Structures are given as structure tokens and as C-alpha cells.
Amino acid sequence: MTRDDVIADIAYARTLAEEGRHAPLLGGPYLLFWGVVNAIAFGIQFAIIEGALPASGGAAYAVLWMSYGIVAAIGMTLLRMRTRDKPGLTTIGARAERALWSGAGIALIAVVIGSIARMIMTGDQDAPNAILGAAFALYGAALFGTASLSGETWLRGFGWLSVAVALNCCMFANQSWVYVIAAIGSLLALGVPGVILLKREPSAIV
């Protein structure tokens with residue numbers, strides 16, 4: 001962090017104190033991005049399973065999730081470039097938000113790798129279905145933690161919603177329509193709070 005960053009954050013904190021506000025969180029664009037990208041991917045997965053889109057001998061699944069990875073990588077790079085110029089990066093809420101979602105992301109990567117490895121080693125084509133329940137459980141945990149540490153208690157409602165989606169994804173993991181639940185859940189549990197946080201995002205300090 002440079003001297004200019006510190007000065008900008010001090011000016012930002014002073015402005016918030018004068019207005020009697022809490023520092024807004026900066027994760028809105030990330031939540032909105034993942035909410036939409038996940039929903040699209042889950043919807044396409046469902047369409048392939050149900051035959052609405054050609055499976056091409058299973059190649060369609062590989063193309064879908066490889067494309068997902070590429071879009072995710074590009075999107076995260078652009079979002080980081082956008083966020084680094086925002087004031088308030090060092091506030092407790094923003095730091096907690098980054099730490100919690102980074103931890104959830106690392107845990108989710110482990111679940112994905114483990115599930116795919118199981119599929120390859122055992123031939124269990126249903127193994128990756130375990131990813132959905134774990135993903136939404138981790139989203140819920142991150143939302144609960146962010147709500148508590150940032151003072152944005154309204155996020156707990158979306159945490160409960162995410163946990164409810166996780167429960168259903170675990171109960172009906174091998175049903176094709178669970179991807180519809182996951183798509184809707186992604187838009188509601190991630191996309192909606194993402195839009196709310198994005199609207200509250202601070203402008204750059206001049």
C-alpha cells in the first residue's frame with residue numbers, strides 16, 4: 001500500500017465519519033458476476049442433460065466448463081483492476097469480506113478437484129454433483145461472516161437462502177432439475193445482494 005492509498009483511505013474514513021455511515025462493502029460486483037455466470041452455466045448444464053442442447057458424446061460438458069473457467073479468470077482479473085482504485089480497501093469490513101470469500105473460494109476449488117478426481121478414478125459420473133451443495137454452503141458461510149464483521153446484517157437473509165439452496169442441492173444431488181434450483185439460487189443468493197452492494201459502492205475520493 002502506498003502513501004497515497006493511505007491518505008485516500010483516511011479521507012474516505014473522515015467523510016464516512018462526518019456523514020455517520022459505515023464503510024460500504026466492495027464485493028458487490030463480484031457477487032453479481034458470480035451470480036450471473038453460475039446461473040448461466042447451471043442453466044446450460046440442465047439443457048444439455050435434458051437434451052435441449054446436444055451433448056456431442058459428452059464433449060458439450062467439457063466445452064461448457066472450460067469456457068466457464070476462462071470467463072471466470074477474465075472476469076476476476078477485470079474486477080480486481082476495477083476494485084483496486086476504490087476507497088476503503090483497508091476498512092475492517094472490506095478486509096473481512098476479502099478474507100472470507102477468498103477462503104470460501106479455496107475450499108470450493110478443493111471440492112471441485114476432489115470431485116473430478118473421484119469421477120476420473122472411479123468412473124462415477126455423478127461425483128461432480130456434490131459440488132453444488134458444497135458451493136452454496138460455502139457461499140452461505142461467507143455471507144454470514146461478512147454480515148457479522150461488516151455490520152451489514154441484512155446479508156444474513158441471503159446467507160440463510162444460500163444454506164437452503166445447499167440443503168436442496170445435497171438432497172437432490174443426482175436429479176437433473178437440481179441445476180434449475182442452483183441457477184435460481186445463484187441469482188437470488190449472490191446476484192441480488194451483489195446489485196444492492198454495487199449501488200452502495202463508494203466513488204473514488206477526489
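The values are calculated or read from the model by the stated rules, or taken from the named source; none is laboratory data. Computed from a predicted structure; not experimentally measured. Cβ coordinates were reconstructed from backbone atoms using ideal geometry, including for glycine residues, and neighbour counts include every protein chain displayed. When the accessible area is computed, the model is the full protein with side chains, heavy atoms only, and any ligands, DNA or RNA have been set aside. Shrake-Rupley method; radii C 1.70, N 1.55, O 1.52, S 1.80 Å.
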(message) Suppose we keep only residues that are without any contact (Cβ under 8 Å) to a residue 24 or more places away in the chain and either closer than 30 Å to Asp85 by Cα or out of contact with any helix residue (DSSP H, G or I) (no Cβ under 7 Å at 6 or more places or on another chain) (or both) within region 161-202. Which one would you say is most open to solvent (accessible area, probe 1.4 Å)?
(response) Met171
(request) Identify, by number, the condition in (1) open to solvent by less than 20 Å² (accessible area, probe 1.4 Å); (2) of a type in the set (A, V, I, L, M); (3) modelled with pLDDT of 90 or more that Ala99 doesn't meet. (result) (1)
(request) Could you tell me whether Leu89 is in contact with a Ser or Thr (Cβ under 8 Å, 6 or more places away or on another chain) and closer than 22 Å to Leu25 by Cα? (result) yes
(request) Kindly provide the set of residues from region 122-152 that are closer than 17 Å to Arg98 by Cα and hydroxyl-bearing (Ser, Thr, Tyr), ordered by number. (result) Tyr139, Thr146, Ser148, Ser150
(request) Would you be able to tell me the number of residues in region 146-160 that are charged (D, E, K, R) and surrounded by fewer than 20 Cβ atoms within 10 Å (Cβ to Cβ)? (result) 1
(request) Quick one: in region 59-77, of everything that is among the aliphatic types (A, V, I, L, M) and surrounded by 12 or more Cβ atoms within 10 Å (Cβ to Cβ), which residue is nearest to Ile49 (Cα to Cα)? (result) Ala60
(message) Any residue at all in region 67-81 that's assigned to a loop (DSSP other than H, G, I, E, B), over 21 Å from Ser162 (Cβ atoms), charged (D, E, K, R) and modelled with pLDDT under 95?
(response) no
(message) Criterion first (farther than 18 Å from Gly194 by Cα and at pLDDT below 95) does Ala23 satisfy it?
(response) no
(message) Suppose the filter is under 22 Å from Cys170 (Cβ atoms) and surrounded by fewer than 16 Cβ atoms within 10 Å (Cβ to Cβ); does Ala110 pass it?
(response) yes
